[in-house]
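Everything below concerns the one structure shown next.
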Amino acid sequence: MNRKHFLSSLFTTGISVKALAATLHNPDPSIRIPQHLKPGDAVAITAPAGHITVEELQPAIKQIESWGLKIRLGDTIGKKDFSFGGTDAERAADFQRMLDDPAVKAIMCARGGYGSIRIIDQLNFSKFLIKPKWIIGFSDITVMHCHIGSNYKVATIHSKMCNSFPEDWSKAEPLQRDTILSIKDALTGVKMKYNALPHEKNRHGIIEGTLTGGNLKIIENLAGSKSEIKTAGKILFVEDTGEYLYSIDRMFWNLQRTGKLSQLKALIIGGFRIKPDDPGEEFGRTLYDIVWEKVKTYNYPVCFDFPVGHQRNNYALKCGVLHRLSVTANGVELLEV
Amino acid sequence: MIKIPPYLKKGDTIGITCPAGYMAAEKVQTCVEALQQWGYKVIAGNTVGGKSTTYFSGTDGERLTELQQMLDNENIAAILCGRGGYGMGRIVEQIDFKKFKRHPKWIIGFSDITILHTHIHTHYGISTLHAPMAAAFNEEGYKNEYVQSLKKTLAGKRTKYTCNAYELNRKGKASGTLIGGNLSLLAHVTGTSSDIKTKGKILFIEEVGEYLYSADRMLYQLKRSGKLDKLAGLIIGGFTEMKDTKRPFGKTIYEIIADVVKTYNYPVCMGFPVGHGKENYALKVGAVYHLNVTPKKVMLEETR
């Protein structure tokens, strides 16, 4: 039996979520997986954070249409309120429409930047909860992943956004195509499987757990709010860009001091584009030192340089979905279970 | 009830330590001499202009040990942090406050030292001093009214500060416990054991060198973690050397703040002299103050 349909039929007939726990070997059986997309389904594009033009979206539109999917452009595309893709009210209304429109099967955020936090509390997820759909993005969109994961337990897709699609697909590097096609795979229900090279700083182990994570700065920013990420019993991945080492250290202390590292199943360190220290302010510790210092007292697997982050090597990851992580001397494998 | 450490008498000893970033000895010299002129003895720890070659003034262990010794040493009446930078958060959970709790003393500093203020406020209810640190004494800084406000406060004089009104101020009066510090650090401690409760209090915030969007995001964190809705009053200090992105944010820092708190009714004042600029009055975290924001002026006065 197809588990996805099995689950949704149970939800519609009102059978308790707890009753499922015994039947499925899922550590968090209440997680709901939106329906995967079929040809002809519509993907909506909206800008909940930074401003983007219609022209900038053309490569993404062309590519997604080539997958047999339809595109619905939101009103925020081309809108501009200084750095934002429209005013808070406009961005919230656009996102809301797409959450509520039953014809929209996935919402791809056009780009990150800054702004999701300003509208998240104005969004109403009640229709989305009746029939969940995929929410796609990363960086500032980490707000959505954490908020939805913690409050509504619906799986989301952490991946590149419209502004990362190559202008000329035929000339794009294999890596660029691969990462974009990983979004298609995630949307259409292909089981995800990723590999990373062995790394001398990795801590070995093989475990299963629900994947969660995103941008480290945003995760810190959500601490103490109702969108705060829940990490106990999960595989946490983090990435960041443009931060000083001292600031990265401080953010890992925030994870540590808010209890987000002590009960992990595993920790995945993605790409960190580090801002060089100012002269005379050399921090004297590497990213590896910073991470190891926080996790040395635990036993779970840790891996570095995983292909997720503000970089070309940024593959689609399904937040909220059970994965098996294997960190061994031969390398790293992350497998959707 | 908040505990106020004993004020200083002539002949009392002030310990200087650097619990965070490195500071060269010559940058502390003027401060040492000024404190001596004020009538105090000064003990500078090994972390002050020490042999450290790293970002920090010493290893975590060295910084912690020195701060711990000064907290425990009954002959030290106050601890002045030489500078901020980064590093307090790395050691705060390892500090043992047992003796300090029995014999409170003034802890002085700001910026990265905000973590110590919030941590002590939340756990021990002992007043601390958000005030200029060693570098503020340099270039004749010790003569200005801001460094002098530290002198007055340490000696036990009740302080009353006034500043000009800004257009975006929200008028009104408030009385309450004063709490606050650096915005980045207040955001950073959210959810940790050093977090603060702000209900019924007067909150002050200041920041340096941040992007406007980042300040906006941190203000949203304060708001969404429930720190802005039940304030008695809000004091906005210096937001100095703020940066903007290539696509401009489109609002000044005061407009950003006014927008975040527009749905509340408490008094708000902008541009209060506390922060990383020269204008940085000594404020007693944990003490009760009265704030009066009028059309022309802002007054902040300690009530006791």
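The values are calculated or read from the model by the stated rules, or taken from the named source; none is laboratory data. Note that the structure is a prediction, hence the values are computed from the model and not measured. Please note: Cβ atoms are built from the backbone with ideal geometry, for glycine as well, and neighbour counts cover all protein chains shown. Each accessible area value is taken on the protein alone, full model and side chains, heavy atoms only, with ligands, DNA and RNA left out. Shrake-Rupley method; radii C 1.70, N 1.55, O 1.52, S 1.80 Å.
Quick one: in segment B:1-53, of everything that is acidic (Asp, Glu) and touching a residue at least 12 places away in the same chain (Cβ under 8 Å), which residue is nearest to the other protein chains (Cβ to nearest Cβ)? Here the answer is B:Glu26. Among what's in segment A:52-68 and is surrounded by fewer than 23 Cβ atoms within 10 Å (Cβ to Cβ) and within 14 Å of chain B (Cβ to nearest Cβ), pick the residue that is farthest from A:Pro166 (Cα to Cα). In this case the residue turns out to be A:Thr53. No other residue among B:Lys243, B:Lys227, B:Lys199 is basic (Lys, Arg), farther than 24 Å from B:Leu291 by Cα and touching a residue at least 24 places away in the same chain (Cβ under 8 Å) apart from B:Lys243.
Let's see how each residue does on (1) open to solvent by 10 Å² or more (accessible area, probe 1.4 Å); (2) in contact with a helix residue (DSSP H, G or I) (Cβ under 8 Å, 6 or more places away or on another chain); (3) at pLDDT 95 or above; (4) farther than 29 Å from A:Ser164 by Cα:
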| site | (1), (2), (3), (4) |
| --- | --- |
| A:Val238 | no, yes, yes, no |
| A:Phe252 | no, yes, yes, no |
| A:Gln263 | yes, no, yes, yes |
| A:Phe272 | yes, yes, yes, no |
| A:Asp278 | yes, no, no, yes |
| A:Val291 | no, yes, yes, no |
| A:Lys294 | no, yes, yes, yes |
| A:Asn299 | yes, no, yes, yes |
| A:Cys303 | no, no, yes, no |
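Where residues in segment B:223-278 are over 29 Å from A:Glu228 (Cα atoms) and within 14 Å of chain A (Cβ to nearest Cβ), which of them is surrounded by the fewest Cβ atoms within 10 Å (Cβ to Cβ)? Once the filter is applied, the top-ranked residue is B:Lys246. With respect to the conditions (1) surrounded by fewer than 24 Cβ atoms within 10 Å (Cβ to Cβ); (2) under 26 Å from A:Val238 (Cα atoms); (3) not polar (S, T, N, Q), A:Asp101 falls short on a single one, namely (2). Tell me yes or no: at least one residue of segment B:194-210 is at the interface with chain A (Cβ under 9 Å from one of its Cβ atoms), under 23 Å from B:Asn280 (Cα atoms) and either in contact with a Lys or Arg (Cβ under 7 Å, 6 or more places away or on another chain) or surrounded by fewer than 20 Cβ atoms within 10 Å (Cβ to Cβ) (or both). No - not one qualifying residue is present in segment B:194-210. Evaluation of A:Asn221 against the conditions (1) touching a Ser or Thr at 6+ places or on another chain (Cβ under 8 Å); (2) open to solvent by less than 40 Å² (accessible area, probe 1.4 Å); (3) within 12 Å of chain B (Cβ to nearest Cβ) shows that the sole unmet condition is (1). Residue check: A:Glu173 meets all listed conditions (1) open to solvent by less than 10 Å² (accessible area, probe 1.4 Å); (2) farther than 19 Å from A:Gly320 by Cα but one, namely (1). Kindly establish whether B:Thr65 is β-branched (Val, Ile, Thr) and either over 30 Å from B:Lys199 (Cβ atoms) or assigned to a loop (DSSP other than H, G, I, E, B) (or both). When the stated conditions are applied, B:Thr65 passes them.
Only one entry of A:Asp240, A:Asp178 meets the criterion of being farther than 24 Å from B:Ser193 by Cα and more than 14 Å from chain B (Cβ to nearest Cβ), and that entry is A:Asp178. Only residues that are touching an Asp or Glu at 6+ places or on another chain (Cβ under 7 Å) and within 14 Å of another protein chain (Cβ to nearest Cβ) were counted in segment B:61-112, giving 7.
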